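Reviewing the structure listed below.
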Amino acid sequence: MKTPGLFATYYWGNHPAVDVINLSMNEGEEYSNSLALLFCGVGDPRNVLLTIASLPNVYQEQVTFVMNDICPCTLARTVLLLYMLYKGGNDMSTTVIHIWYSLRIREQDFTSLLLALQELVDSPDLRTLTDDVMDIPADQLIQLKDVWNTWLRLAKRKGSWVTKLRREANSRDLDREGGIDNYMHAIPKEHKISTQRYFETGIFTSMKATKELRRENPTLTGRGFHQFLRSSDFHYSIPTDVLPFTGWDYKAVKKVCRDESMTRMYSVYISHVLHKSMEKLGRNSIKCYFILSDFLKVEAFLPADLRYDRISTSNLWDYYPLTVILLKFKGLLNTTNPHAVMFTEAINWVRNLMPEVIHLLPHMTGLDDLIQKASKDTRNPELANLSGMTSVVEYLNLTQQFVMFLRASLLFSSTDEELASFKRKKKISSLKSMVNSLGLHLCDFVRHENTVFPFKWALNCRRPTMLRGYERTLEWKLPSADESDEDAKE
């Protein structure tokens, strides 16, 4: 099991935001009970905000979001953004978008940022400051205040200091230029000028005149959890291969706004989400509880007697045994809601455990045929031929490889006796048996039974979102009474 935490700060998402409740596909829009959601390794607040924005107006019950992260900088930033949205005010959505994503911000953004940071630092507790909408344990609030105080102190620096830190971070990434080149070949032609400008400047805005964005954004600095242990200085700590465009679905963005400027398109769409979120935050039916801890220790800090209708574990599966995650959280699922579900994401499974999928399988399948499929599908020869392997990944059937990875993940925690039994029988239990032994039901991803997260994302229809093509999400539920009876018979 790995050391907790990461070296980087994930201030931006590594997959598109999802409405994690999705009432219409689950409980139904007429559902009359309150809902509770637990996000472990929450990262940024995009999933929370899209979920709030997507709540149907007819649903008037309380929704509680419990957000956990181990990184003080990441959680401090999420609390800051949500607090600013809770406060609201004229043009606050634009201000929050700039602070969230842009290297430079307006004077009015800078003023609002300093005011919010000072209010968070000065407040004895988050609950009082937000009229009971937000809360965090007192000792954990102290750690977040250290981050907010650091940003306040850094905000006094003169000159292009964050710009310089970003430039230094980018120069250390030897693969960055090749990645940008592939990305530019993949996106629609009309977006290329604006996107190249973003890569060069780091400025993310809907504004045509960017001269107003003169202030450096101190909240793009920080240090990952591992650096916190060593008390290193704040630096530009966002991974260079994570973009603002990755956190939102380009297909959804296009439905709200079409523009040659990709930063403008995304800004308009995100503003649309934030406006809806602010409206619902003002109704006092949304509660946000924050926990700064290792996810394995989160239970000690959870609100008493609360069971969860959704539990998201981000891509912790990339770093911890799957069975540890499942057994840790299945007891927190709401047993009175048959739609209660837990999500486990795998992003790095190919890179870490099956590199042959990247290096060999496309050639074994027939790379030229795959490129021809991509070209015919997208009517974009440049994308198909010049944007790297991601242009053809979705035409590979990786179900067999993923099932192998899943079974290995479930076997990882087997006892010596169980492994010896498998060896004697020369047979490993079926996937269904392994899942049943955990007291869970796995939604059949082959038959598209997921009702919240897509099992996998289509790529070439949303290329600006920049997915790698190996992202997989499983949905786990408690077995129904009928399933439990069948398992008992077996």
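Scan segment 140-163 residue by residue and report those that are more than 21 Å from Ser293 (Cβ to Cβ) and among the β-branched types (Val, Ile, Thr). Residues satisfying the conditions are Val162, Thr163.
When we screen Ala53, Ala76, Ala36, Ala17 for residues that are of a type in the set (Gly, Ala, Ser) and part of a strand (DSSP E or B), the only hit is Ala36. The numbered conditions (1) charged (D, E, K, R); (2) part of a helix (DSSP H, G or I); (3) without any contact (Cβ under 8 Å) to a residue 60 or more places away in the chain are all true for Lys427 except (2).
Going residue by residue through segment 151-172, is there one that turns out to be assigned to a helix (DSSP H, G or I), surrounded by fewer than 16 Cβ atoms within 10 Å (Cβ to Cβ), at negative phi and in contact with a helix residue (DSSP H, G or I) (Cβ under 6 Å, 6 or more places away or on another chain)? Checking segment 151-172: at least one residue is assigned to a helix (DSSP H, G or I), surrounded by fewer than 16 Cβ atoms within 10 Å (Cβ to Cβ), at negative phi and in contact with a helix residue (DSSP H, G or I) (Cβ under 6 Å, 6 or more places away or on another chain). A count restricted to segment 96-148 and to residues that are outside any helix (DSSP H, G or I) and closer than 21 Å to Lys287 by Cα stands at 11.
If you check Thr210, Thr205, which single one turns out to be farther than 24 Å from Gly43 by Cβ, hydroxyl-bearing (Ser, Thr, Tyr) and in contact with a Lys or Arg (Cβ under 9 Å, 6 or more places away or on another chain)?
Thr210 is the lone residue from the list that is farther than 24 Å from Gly43 by Cβ, hydroxyl-bearing (Ser, Thr, Tyr) and in contact with a Lys or Arg (Cβ under 9 Å, 6 or more places away or on another chain).
Look at segment 116-141: where a residue is free of Cβ contacts under 8 Å to residues at least 24 places away in the same chain and a partner is of a type in the set (A, V, I, L, M, F, W, C), sitting 6+ places away or on another chain with Cβ atoms under 6 Å, you get Ser123/Leu129.
Condition check ((1) in contact with a Phe, Trp or Tyr (Cβ under 8 Å, 6 or more places away or on another chain); (2) buried (at least 16 other Cβ atoms within 10 Å of the Cβ); (3) assigned to a loop (DSSP other than H, G, I, E, B)) across all residues:
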position	(1), (2), (3)
Lys255	no, no, no
Arg258	no, no, yes
Arg264	no, yes, no
Ile270	yes, yes, no
Leu274	no, yes, no
Glu299	no, no, no
Pro303	yes, no, yes
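Looking at Ala53, Ala76, just one residue is surrounded by fewer than 24 Cβ atoms within 10 Å (Cβ to Cβ) and within 22 Å of Ile99 (Cβ to Cβ), and that residue is Ala53.
Among the residues of segment 82-93, is there at least one that is touching a residue at least 24 places away in the same chain (Cβ under 8 Å), assigned by the TED database to the domain that holds Lys208 and in a strand (DSSP E or B)? Among the residues of segment 82-93, not one is touching a residue at least 24 places away in the same chain (Cβ under 8 Å), assigned by the TED database to the domain that holds Lys208 and in a strand (DSSP E or B), which makes the answer no. Scanning segment 47-75 for residues that are in contact with a Gly (Cβ under 8 Å, 6 or more places away or on another chain), more than 28 Å from Thr195 (Cα to Cα) and hydrophobic (A, V, I, L, M, F, W, C) yields a total of 2.
Please indicate, with yes or no, whether at least one residue in segment 254-261 is in contact with a strand residue (DSSP E or B) (Cβ under 7 Å, 6 or more places away or on another chain) and among the hydroxyl-bearing types (Ser, Thr, Tyr). Even if it seems obvious, please write down each step before you answer.
Step one: filter segment 254-261 for residues in contact with a strand residue (DSSP E or B) (Cβ under 7 Å, 6 or more places away or on another chain), giving none.
Checked against the condition, which is being in contact with a strand residue (DSSP E or B) (Cβ under 7 Å, 6 or more places away or on another chain) and among the hydroxyl-bearing types (Ser, Thr, Tyr), segment 254-261 yields no hits at all.
Please tell me if Ala340 is surrounded by 21 or more Cβ atoms within 10 Å (Cβ to Cβ), outside the structural domain of Leu459 (by the TED database), of a type in the set (A, V, I, L, M) and under 24 Å from His15 (Cα atoms).
Details: surrounded by 21 or more Cβ atoms within 10 Å (Cβ to Cβ): yes; outside the structural domain of Leu459 (by the TED database): yes; of a type in the set (A, V, I, L, M): yes; under 24 Å from His15 (Cα atoms): yes.
Answer is yes for this residue.
What number of residues within segment 359-407 are among the small types (Gly, Ala, Ser), outside any loop (DSSP other than H, G, I, E, B) and touching a residue at least 40 places away in the same chain (Cβ under 8 Å)? First the steps, then the outcome.
Applying the first criterion (among the small types (Gly, Ala, Ser)) to segment 359-407 yields 366, 374-375, 384, 387-388, 391.
Still in the list and also outside any loop (DSSP other than H, G, I, E, B): 374-375, 384, 391.
Retained after the next criterion (residues that are touching a residue at least 40 places away in the same chain (Cβ under 8 Å)): 374, 391.
Counting residues in segment 359-407 that are among the small types (Gly, Ala, Ser), outside any loop (DSSP other than H, G, I, E, B) and touching a residue at least 40 places away in the same chain (Cβ under 8 Å) gives 2.
Considering every residue within segment 354-370, establish whether at least one is of a type outside the set (A, V, I, L, M, F, W, C), surrounded by 13 or more Cβ atoms within 10 Å (Cβ to Cβ) and at pLDDT 85 or above. Checking segment 354-370: not a single residue is of a type outside the set (A, V, I, L, M, F, W, C), surrounded by 13 or more Cβ atoms within 10 Å (Cβ to Cβ) and at pLDDT 85 or above.
Among the conditions (1) of a type outside the set (S, T, N, Q); (2) closer than 30 Å to Asn397 by Cβ; (3) crowded, with 19+ Cβ neighbours inside 10 Å, Tyr308 misses just one, which is (2).
Considering only segment 207-242, state which residues are assigned to a loop (DSSP other than H, G, I, E, B), modelled with pLDDT of 95 or more and crowded, with 17+ Cβ neighbours inside 10 Å. Outline the logic, then answer.
Of all residues in segment 207-242, those assigned to a loop (DSSP other than H, G, I, E, B) come to 207-209, 213-214, 217, 223-224, 231-234, 237-242.
If we keep only those that are modelled with pLDDT of 95 or more as well, we get 213-214, 217.
Those that are assigned to a loop (DSSP other than H, G, I, E, B), modelled with pLDDT of 95 or more and crowded, with 17+ Cβ neighbours inside 10 Å: Leu213, Asn217.
Quick grid of which residues meet (1) closer than 21 Å to Ala340 by Cα; (2) at pLDDT 90 or above; (3) surrounded by fewer than 17 Cβ atoms within 10 Å (Cβ to Cβ):
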site	(1), (2), (3)
Glu394	no, yes, no
Gln401	no, yes, no
Glu417	no, no, yes
Pro454	yes, yes, yes
Leu459	no, yes, no
Arg472	yes, yes, no
Asp485	yes, no, yes
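Given the criteria in contact with a Phe, Trp or Tyr (Cβ under 8 Å, 6 or more places away or on another chain), surrounded by 15 or more Cβ atoms within 10 Å (Cβ to Cβ), in contact (Cβ under 8 Å) with a residue 12 or more places away in the chain and not in a loop (DSSP other than H, G, I, E, B), does Thr323 qualify? Steps first, answer last, please.
Numbers: in contact with a Phe, Trp or Tyr (Cβ under 8 Å, 6 or more places away or on another chain): yes; surrounded by 15 or more Cβ atoms within 10 Å (Cβ to Cβ): yes; in contact (Cβ under 8 Å) with a residue 12 or more places away in the chain: yes; not in a loop (DSSP other than H, G, I, E, B): yes.
For Thr323, the condition - in contact with a Phe, Trp or Tyr (Cβ under 8 Å, 6 or more places away or on another chain), surrounded by 15 or more Cβ atoms within 10 Å (Cβ to Cβ), in contact (Cβ under 8 Å) with a residue 12 or more places away in the chain and not in a loop (DSSP other than H, G, I, E, B) - is met.
The values are calculated or read from the model by the stated rules, or taken from the named source; none is laboratory data. All values reported here derive from a predicted model rather than from experimental measurement. Here the Cβ is made from the backbone with ideal geometry for all residues, glycine too, and neighbour counts use every protein chain on show.
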